[in-house]
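Worksheet: the structure to be examined is printed underneath.
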Amino acid sequence: MPSHLKRCMKCKQYTIAEEKCNFCGEALEKTDPPRFSLEDKYQQYRIPYFKEKMQKKFKILD
């Protein structure tokens, strides 16, 4: 009895089949979400981007 949702690697359709995709017959992969971590790996890119964006936004309003 299937218990986990899986996604086809080729056509990106979701299914609960065990081995092969019901739509195209290709292999399936697990759809588990990425692991959660308190360490923000992309903080060095995200913070400057939003700082610049906010500065532009509030310059226009002045």
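The values are calculated or read from the model by the stated rules, or taken from the named source; none is laboratory data. If you're wondering where the values come from, they're calculated on a predicted model, not measured in any experiment. Here the Cβ is made from the backbone with ideal geometry for all residues, glycine too, and neighbour counts use every protein chain on show.
Per-structure values
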| quantity | calculated |
| --- | --- |
| Filtered residues of segment 2-45 (kept if basic (Lys, Arg) and assigned to a loop (DSSP other than H, G, I, E, B)) | Lys10, Lys12, Arg35, Lys41 |
| Residues of segment 17-62 that turn out to be of a type in the set (Val, Ile, Thr) and touching a strand residue (DSSP E or B) at 6+ places or on another chain (Cβ under 8 Å), as a count | 1 |
| Any hit, segment 42-59, residues being surrounded by 10 or more Cβ atoms within 10 Å (Cβ to Cβ) and on the phi > 0 side of the Ramachandran plot | no |
| Segment 1-56, subset among the acidic types (Asp, Glu) and more than 20 Å from the chain's Cα centre (by Cα), residue modelled with the lowest pLDDT | Glu18 |
| Inter-residue pairs, beta-carbon under 8 Å, first closer than 27 Å to Cys11 by Cα and in segment 25-50, second surrounded by 10 or more Cβ atoms within 10 Å (Cβ to Cβ) and aromatic (Phe, Trp, Tyr), 6+ apart | Thr31/Tyr14 |
